[in-house]
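Visitor: Sharing a structure below in structure tokens format, with a few things to ask.
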Amino acid sequence: MREIFRNSDSAWVGLYQSILEDAGIPTFVYNLGTLQMPAAGLAVAFFPLPIFFPTLCVLSDDDYADAMNLLQSFRDAPSPVDVDWKCPRCGQPVPESFTACWNCQAERSAG
């Protein structure tokens, strides 16, 4: 077993785990519950040190290079950017994902 990724935000660890699992690379996460805040009224120690962060590991050392390449490709991929378009009828800026104007419901022109 070899460490791939460690972060205080378990959502990032979970995202990376799902990417690797979808690619057929078996993983394991340890320290998943160590950074959760205690319930109100409970006196529990909280350790914001990296050694206690959720940590993603590949089960087989042979998968390490493939896993690192896959995650690097994910991080390097350009993020989708919504480019606004201007409504031909009322002139309002409209998010790229909209097919009609949010203000006057005019359809987006083909141009």
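The values are calculated or read from the model by the stated rules, or taken from the named source; none is laboratory data. Computed from a predicted model, the values in this text were never measured in an experiment. So basically every Cβ, Gly included, is an ideal-geometry build from the backbone, and we count neighbours across all protein chains shown.
Visitor: Which ones in the stretch 57-107 are among the polar types (S, T, N, Q) and either farther than 30 Å from residue 32 by Cβ or assigned to a strand (DSSP E or B) (or both)?
Guide: If the condition is that a residue be among the polar types (S, T, N, Q) and either farther than 30 Å from residue 32 by Cβ or assigned to a strand (DSSP E or B) (or both), then 92, 97, 99, 103, 105 are the ones that fit.
Visitor: Kindly check whether there is at least one residue in the stretch 21-43 that is in a helix (DSSP H, G or I), closer than 13 Å to residue 71 by Cβ and at pLDDT 85 or above.
Guide: Yes: one or more hits.
Visitor: Follow-up. Considering only residues that are among the small types (Gly, Ala, Ser) and surrounded by 13 or more Cβ atoms within 10 Å (Cβ to Cβ), which ones fall in the stretch 61-90? Before you say what the answer is, go through the steps one by one.
Guide: First, pick out the residues of the stretch 61-90 that are among the small types (Gly, Ala, Ser): 65, 67, 73, 77, 79.
If the condition is that a residue be among the small types (Gly, Ala, Ser) and surrounded by 13 or more Cβ atoms within 10 Å (Cβ to Cβ), then 67 is the only one that fits.
Visitor: Select from the stretch 4-20 the residues that are surrounded by fewer than 20 Cβ atoms within 10 Å (Cβ to Cβ) and either within 18 Å of residue 33 (Cβ to Cβ) or not assigned by TED's automatic domain parsing to the domain that holds residue 56 (or both) and list them in ascending order.
Guide: Scanning the stretch 4-20 gives 6, 7, 8, 9, 10, 11, 12, 14, 15.
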